[in-house]
Amino acid sequence: STAPSSRSVAAACASPVIALDPGHNPVEVADADPVTGVIMRDYPNGSEDGDAMDVALRVKRLLTSAGYRVVLLKKSADENVDYRRRVTRAERAGADLGVSIHTYTDDHRVFVQRVGLYREGVTTNGKTLRLTFQNADTAAKSQRYAQTIAAARSRHEQQTVTVTDNSFDGRAPIWEGNIPMIS
């Protein structure tokens, strides 16, 4: 066998990259994703926009001090950035894990990726499109990370935080399904 290159050793030892996505957009967005065809619908959500950015900045400081590399998928609560640009930013940063941050009072859940989760809706050309999540490796990692996050939140919040699927059903014009658009 041959010795690994210094580049492969450096990559193997590099700190994981965490992508933090601080919820919602400051303006209404309803564009078609050029890659998937999904309608990327997002909207301002009042004080949650600033709250999610505040949480993202706090988490970034904590993770950075623990040795992680962190990329914010929005530069400010006021930045207009659709889902495709968020995904591109995470990909360019080489993100190992992405966390979508939303702040809701009295919501004690962590949403996870699972094989079979989906989003379905009508594209700009009038056809119904259903996209189903199929990556078993990512789903297994998502489950482990979600359990860890839920346990930490349960301790911190002093109440049970559960790991579950999301639901976007009955929230038209948002596409139906049970997985976030960026997850």
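Taking the numbered list (1) modelled with pLDDT of 95 or more; (2) crowded, with 17+ Cβ neighbours inside 10 Å; (3) within 25 Å of A32 (Cβ to Cβ) in turn, G116 passes all entries but (2). Among the residues making up the stretch 37-64, a single one is hydroxyl-bearing (S, T, Y) and in contact with a strand residue (DSSP E or B) (Cβ under 6 Å, 6 or more places away or on another chain): T64. Within the stretch 173-183, the set of residues being closer than 19 Å to G116 by Cβ and either of a type in the set (G, A, S) or open to solvent by 60 Å² or more (accessible area, probe 1.4 Å) (or both) comprises E176, G177, S183. Criterion applied to D78, D49 was being buried (at least 18 other Cβ atoms within 10 Å of the Cβ), over 25 Å from K141 (Cα atoms) and not β-branched (V, I, T), and the one residue passing it is D49. Residues in the stretch 1-28 that are at pLDDT 90 or above, within 27 Å of T124 (Cβ to Cβ) and of a type outside the set (S, T, N, Q): D21, H24, P26, V27, E28. Taking the listed residues R92, R84, the one that is surrounded by fewer than 15 Cβ atoms within 10 Å (Cβ to Cβ) and part of a helix (DSSP H, G or I) is R92, with no other qualifying.
Here Q143 meets each of (1) open to solvent by 60 Å² or more (accessible area, probe 1.4 Å); (2) of a type in the set (S, T, N, Q); (3) modelled with pLDDT of 90 or more with one exception, condition (1). Scanning the stretch 119-137 for residues that are outside any loop (DSSP other than H, G, I, E, B) and surrounded by 14 or more Cβ atoms within 10 Å (Cβ to Cβ) gives R119, E120, G121, L129, L131.
For the stretch 150-172, filtered to residues that are in a helix (DSSP H, G or I) and open to solvent by less than 80 Å² (accessible area, probe 1.4 Å), the residue that is farthest from E120 (Cα to Cα) is E157. Just to be sure, is D31 crowded, with 20+ Cβ neighbours inside 10 Å, of a type in the set (D, E), closer than 27 Å to R119 by Cβ and at pLDDT below 95? No: the conditions fail for D31. One residue stands out in the stretch 95-113 among those that are under 12 Å from the mean Cα position of the chain (by Cα) and assigned to a loop (DSSP other than H, G, I, E, B): the one that is farthest from V35 (Cα to Cα), namely H102.
Assess whether D54 counts as being more than 18 Å from L97 (Cα to Cα), open to solvent by 60 Å² or more (accessible area, probe 1.4 Å) and of a type in the set (D, E). Yes. Condition first: over 18 Å from D21 (Cβ atoms) and assigned to a loop (DSSP other than H, G, I, E, B). Can you find one or more residues in the stretch 56-71 that meet it? There is at least one residue in the stretch 56-71 that is over 18 Å from D21 (Cβ atoms) and assigned to a loop (DSSP other than H, G, I, E, B).
The values are calculated or read from the model by the stated rules, or taken from the named source; none is laboratory data. Just so it is clear, the structure is predicted and the values come from calculations on it, not from any experiment. Note that each Cβ is placed from the backbone with ideal geometry, even for glycine, and that neighbours are counted across all protein chains shown. Remember, those area values only see protein heavy atoms, side chains included, never the ligands or the DNA or RNA. Shrake-Rupley method; radii C 1.70, N 1.55, O 1.52, S 1.80 Å.
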